[in-house]
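Chemist: Shown below is the structure under consideration.
A short reminder: the numbers here are calculations on the coordinates, not readings from a lab. Small disclaimer: the values here were computed from a predicted structure and weren't measured. Cβ coordinates were reconstructed from backbone atoms using ideal geometry, including for glycine residues, and neighbour counts include every protein chain displayed.
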Amino acid sequence: GAVVSQHPSWVICKSGTSVKIECRSLDFQATTMFWYRQFPKQSLMLMATSNEGSKATYEQGVEKDKFLINHASLTLSTLTVTSAHPEDSSFYICSASESSGGVNEQFFGPGTRLTVL
Amino acid sequence: DAKTTQPPSMDCAEGRAANLPCNHSTISGNEYVYWYRQIHSQGPQYIIHGLKNNETNEMASLIITEDRKSSTLILPHATLRDTAVYYCIVMGSYQLTFGKGTKLSVIP
């Protein structure tokens, strides 16, 4: 099956710093990538959807200036958490889909655990 | 996308079939039923999906009722590694909306 990687797998940072998380589709071209956030004992919440070469679409309540998403190529999307605070500590998961529309399964990365001190 | 209802937890003996139910009574004609699972601290893993016919792959079988208002995911011979949270998702567009899922515990 299709493989999606994330880097780093975990990161600890100081409050106020920015953290960049990379999501790569290793063996397919991902027209669409999704970013999710998961707090402990809760389900995944979609943060934003990004299509290659265009601006990301953010879900309601997600600050686009705080969570910067770049999808510059068909195999790479990045999520930058700017001026991170302890409440941003969470498990961030990306997924990738080969098609920009229609029904296709999404392939998920292994997740990145962010801890903000 | 239609909402789904799943039991919060289930137990299954190792080696036995695990049958995970899902209700999606408001599903519309063009919406698919997807199943994913999430093992602790990992990203979700795709299992199977279907529209109205029953489906089977190397991981599981998906049984969808004729009226499409419910479905059952079947793991034919559960192993300890199948312990995870299983999510049933109805998807008509390209977005997945995760509910709380069913926490399946496979017991030795």
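Chemist: What are the extents of the Cα atoms of the protein assembly as shown along their three principal axes, in Å, largest first?
Modeler: In descending order, the Cα extents are 50, 38, 32 Å.
Chemist: Which pairs in the list A:41/B:100; A:14/A:66; B:3/B:100; A:20/A:41 are over 18 Å apart, alpha-carbon to alpha-carbon?
Modeler: A:20/A:41, as the Cα separations exceed 18 Å there.
Chemist: At a Förster distance of 30 Å, what's the computed FRET efficiency of residue B:13 paired with residue B:67, Cβ-Cβ distance as r, to 0.05?
Modeler: Efficiency for this residue pair is about 0.45.
Chemist: Tally Lys and Arg at +1 and Asp and Glu at -1 over the other residues with C-beta under 14 Å from the C-beta of residue B:55: what net charge comes out?
Modeler: 0
Chemist: To continue, here is another question. Just the number, please: Stokes-Einstein D of the range A:1-111 in µm²/s, Kirkwood Rh from C-alpha pairs, 37 °C, 0.692 mPa s.
Modeler: 234
Chemist: Where a Cα-Cα gap under 16 Å defines reach, which aspartates and glutamates qualify for residue B:52, not counting those fewer than 8 residues away within the same chain?
Modeler: B:31, B:66, B:67
Chemist: Let me ask you something else. Given a cut-off of under 8 Å on Cα pairs at least six residues apart, what relative contact order in percent is computed for the range B:63-108?
Modeler: Over the range B:63-108, the number comes to 34 percent.
Chemist: Stokes-Einstein diffusion coefficient for the range B:36-108 at 10 °C in a medium of 1.306 mPa s, Rh from the Kirkwood formula over Cα pairs: what value in µm²/s?
Modeler: 121
Chemist: Compute all pairwise cysteine Cβ distances in chain A, then list the cysteines with no distance under 4.7 Å to another cysteine.
Modeler: A:13
Chemist: Now for a different question. Which one of B:58, B:31, B:14 has the biggest mean-square fluctuation once chain B is modelled by GNM with Cα springs under 10 Å?
Modeler: Result for chain B, Cα springs under 10 Å: B:58 fluctuates most.
Chemist: Now for a different question. How long is the gain from residue A:3 to residue A:113 if the chain were fully straight, where each residue apart is worth 0.36 nm and the alpha carbon distance is subtracted?
Modeler: Computed gain between residue A:3 and residue A:113 is 37.7 nm.
Chemist: Are there cysteines in chain B with no other Cys C-beta under 4.7 Å, and if so, which?
Modeler: By the Cβ distance rule, which asks for a partner under 4.7 Å, the isolated cysteines are B:12.
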